[in-house]
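Here is the structure we will look at, set down as structure tokens.
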Amino acid sequence: MTASNSNILDVQHVTKEFGGLTAVNDVTMQIPARSIVSVIGPNGAGKTTFFNMITGIYTPTRGSIRLDGQELVGLRPDEVTTAGIARTFQNIRLFSTMSSEENIMVGRNARLKSGFIDAVLRTRRFHESEREAQDAARVMLDFVGLSKWRNELATNLPYGDQRKLEIARALATTPKLILLDEPAAGMNPRETEDLKALIRRIRDDLGVTVCLIEHDMRLVMTLSEHITVLDYGTKISEGLPHQVRNDPRVMEAYLGRGTAAGEYGKEARL
Ligand SMILES: Nc1ncnc2c1ncn2[C@@H]1O[C@H](COP(=O)(O)OP(=O)(O)OP(=O)(O)O)[C@@H](O)[C@H]1O
């Protein structure tokens with residue numbers, strides 16, 4: 001097996017320009033299959049833009065993004081989902097008037113075979129699809145430990161559980177790779193510990209590769225097997241947690257930069 005075969009995602013020279021601003025500048029990175037990796041960087045470094053290119057929300061100005069050899073550039077977000085990438089967002093995006101189970105079924109529907117006509121005519125295929133979606137939703141609720149909230153409106157769940165529900169909804173699309181955008185944002189230390197255990201189980205039990213953007217340096221340093229650091233859209237460092245933590249370019253990028261600087265400084269003293 002060649003090195004590239006063991007990488008589930010291969011990003012080559014990706015750039016995104018917004019008018020005169022280069023949000024992501026010629027970034028190349030690979031994500032090994034069944035790994036847990038992080039993309040970090042100070043506020044405005046280009047992390048979310050990077051995720052938005054991988055998931056088809058933005059088309060790169062230049063560059064190539066391959067999932068298991070399949071070129072993703074040019075695909076719509078739903079086609080990227082079907083190809084095998086799921087994600088969660090920086091801000092919680094649940095349907096507040098739906099139950100936890102229904103929220104997951106919406107995620108699952110991205111994969112179902114029945115279409116609009118089936119739904120209108122209530123065909124057998126539609127009913128089978130609905131049952132399949134409901135079964136899958138229950139398995140996912142159980143996996144993330146939220147079975148007791150099955151019929152509860154998503155908006156009534158505690159904050160940490162709403163974040164887990166978003167992860168369950170993303171997992172319901174049966175991805176090969178899941179992208180988590182600041183999953184620990186706003187969590188208390190106990191919720192963050194729970195999240196860490198869940199992310200490990202996503203990889204270990206489901207075999208799904210995990211890539212996260214995260215400002216919580218303690219979480220990033222203890223969970224990640226590989227870290228890529230962006231600053232002003234450019235990759236300034238990558239490697240094992242201890243290599244990145246001790247890289248002078250990374251320290252320099254964080255120092256004097258708002259919240260993220262404080263969080264990095266806290267970790268650097270550990
Ligand atoms: N749609 C857009 N149009 C114009 N500029 C954008 C757009 N999206 C992002 N940017 C700019 O690109 C740069 C990178 O933003 P991005 O949100 O990717 O950074 P980030 O690393 O995710 O930041 P944070 O940690 O604060 O979430 C910023 O200067 C931002 O203002």
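Do we find a residue being within 16 Å of the ligand (Cβ to nearest atom) and either in a strand (DSSP E or B) or in contact (Cβ under 8 Å) with a residue 24 or more places away in the chain (or both) anywhere in the range 74-87?
Step one: of the range 74-87, the residues within 16 Å of the ligand (Cβ to nearest atom) are 77, 87.
Restricting the remaining residues to those that are either in a strand (DSSP E or B) or in contact (Cβ under 8 Å) with a residue 24 or more places away in the chain (or both) gives 87.
Yes.
Name the residue that is modelled with the highest pLDDT, counting only residues in the range 111-150 that are of a type in the set (Lys, Arg), assigned to a helix (DSSP H, G or I) and closer than 23 Å to Ala170 by Cβ. Break it down stepwise before answering.
Of the residues in the range 111-150, the ones of a type in the set (Lys, Arg) are 111, 113, 122, 124-125, 131, 138, 148, 150.
Going one step further and asking which of them are assigned to a helix (DSSP H, G or I), we end up with 124-125, 131, 138, 148.
Remaining after also requiring closer than 23 Å to Ala170 by Cβ: 131, 138, 148.
Working: Arg131: 83, Arg138: 92, Lys148: 95.
In this case the residue turns out to be Lys148.
Please determine whether any residue of the range 147-157 is crowded, with 16+ Cβ neighbours inside 10 Å, within 17 Å of the chain's Cα centre (by Cα) and away from the ligand (no atom under 16 Å from the Cβ). There is no residue in the range 147-157 that is crowded, with 16+ Cβ neighbours inside 10 Å, within 17 Å of the chain's Cα centre (by Cα) and away from the ligand (no atom under 16 Å from the Cβ).
What residue, of Ala185, Ala172, is surrounded by fewer than 17 Cβ atoms within 10 Å (Cβ to Cβ) and either within 15 Å of the chain's Cα centre (by Cα) or under 22 Å from Arg66 (Cα atoms) (or both)? Break it down stepwise before answering.
On the way: Ala172 fails: surrounded by fewer than 17 Cβ atoms within 10 Å (Cβ to Cβ).
Of Ala185, Ala172, the one residue that is surrounded by fewer than 17 Cβ atoms within 10 Å (Cβ to Cβ) and either within 15 Å of the chain's Cα centre (by Cα) or under 22 Å from Arg66 (Cα atoms) (or both) is Ala185.
Only one entry of Val39, Val14 meets the criterion of being over 13 Å from the mean Cα position of the chain (by Cα) and under 26 Å from Pro241 (Cβ atoms), and that entry is Val14.
The values are calculated or read from the model by the stated rules, or taken from the named source; none is laboratory data. Since we're looking at a predicted model, the values are computed, not measured. Ideal geometry is used to build each Cβ from the backbone, glycine not excepted, and the neighbour counts take in all protein chains shown.
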